[in-house]
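One structure is given here, and the rest of the page talks about it.
The values are calculated or read from the model by the stated rules, or taken from the named source; none is laboratory data. Fair warning: this is a prediction, and the values are worked out from it, not measured in the lab. Cβ: placed from backbone, ideal geometry, glycine included. Neighbour counts: every protein chain shown. Remember, those area values only see protein heavy atoms, side chains included, never the ligands or the DNA or RNA. Shrake-Rupley method; radii C 1.70, N 1.55, O 1.52, S 1.80 Å.
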Amino acid sequence: MNIILLGPPGAGKGTQARKLVDERNMIQLSTGDMLREARSSGTEMGNKVAAIMDAGELVTDEIVIGLIEEKLEGDHGGGFIFDGFPRTLAQADALGELLEKHGTSLAHVIAMEVNDDALVERITARSTCGNCGEVYNDVTKPIPADGKCSNCGASDFKRRADDNEESLRTRLMEYYKKTSPLLGYYHAKGNLRWVPGLGEIDEVAAGISKVLDS
Ligand code: AMP
């Protein structure tokens, strides 16, 4: 079963994707993570996209479609979770074609319902474990007092370069201009399912599970 998690930055897509990986053996395909990895390993492509990402703008469709295409060649596990992809109508069209080429399709597009105030609060308080990617929040889920990640025990935490108010404003604008039209696109295809995204992590996960088990 392949699904898309759709929502603005800070909606909790990554956190929910990680839960689905643990609980359902699904494979998370996050273009944001792939791009950050390319940056930190200093590939030519990584260097090219660094400034665009820090500014909160979208990198080209060609680059992200290429990244996803490579991953679809590999193991399909319990299905793919597309996290942060597609973000434009051109990416959505390309994904449909790629899935068809691989003899598979999309089961659901899960739209995570949140409001902008909550997003700013979440993002400016966010940090992640540098080892396993576990997400923390200064207010709602602080880094444990012993300074060790509750998931893997590592003690190296990171804040994303684009998790500041200025980049976030651009990221939100990009979302509303280029990504939110996908809500209509997938509604018309009959794939769209709304899930409340503002509750506790487990409550949001329960909403997603209800859709996946329906
Ligand atoms: P994310 O981790 O999903 O918030 O992505 C971080 C940044 O990577 C975004 O602000 C964009 O600059 C870039 N990015 C990630 N996924 C895409 C995508 N599907 N299309 C274009 N740019 C992307």
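Hey, any hits in segment 87-110 for a residue that's over 30 Å from S214 (Cα atoms), of a type in the set (D, E), modelled with pLDDT of 90 or more and more than 16 Å from the ligand (Cβ to nearest atom)?
no
Can you give me the number of residues within segment 9-34 that are open to solvent by 10 Å² or more (accessible area, probe 1.4 Å), among the aliphatic types (A, V, I, L, M) and under 12 Å from the mean Cα position of the chain (by Cα)?
Of the residues in that region, 1 qualify.
Could you check how many residues of segment 44-75 are in a loop (DSSP other than H, G, I, E, B), more than 14 Å from the ligand (Cβ to nearest atom) and open to solvent by less than 60 Å² (accessible area, probe 1.4 Å)?
Result for segment 44-75: 1.
Here is a list: L106, L182, L168, L95. Which entry is surrounded by 19 or more Cβ atoms within 10 Å (Cβ to Cβ) and over 26 Å from N2 (Cα atoms)?
Step by step, each of L106, L182, L168, L95 is checked, and only L168 is surrounded by 19 or more Cβ atoms within 10 Å (Cβ to Cβ) and over 26 Å from N2 (Cα atoms).
Which of the residues belonging to segment 16-43 are of a type in the set (K, R) and more than 10 Å from the ligand (Cβ to nearest atom)?
Matches in segment 16-43: R18, K19, R24.
Name the pairs whose Cβ atoms lie under 7 Å apart, with the first residue in segment 156-178 and under 19 Å from R36 (Cα atoms), the second open to solvent by 50 Å² or more (accessible area, probe 1.4 Å) and modelled with pLDDT of 95 or more, and 6 or more positions between them or separate chains?
Note: pairs meeting the criteria are F157/I143; T170/E57; E174/E57.
Answer yes or no: is there a residue in segment 135-148 that is of a type in the set (V, I, T), part of a helix (DSSP H, G or I) and surrounded by 13 or more Cβ atoms within 10 Å (Cβ to Cβ).
For segment 135-148, residues of a type in the set (V, I, T), part of a helix (DSSP H, G or I) and surrounded by 13 or more Cβ atoms within 10 Å (Cβ to Cβ): absent.
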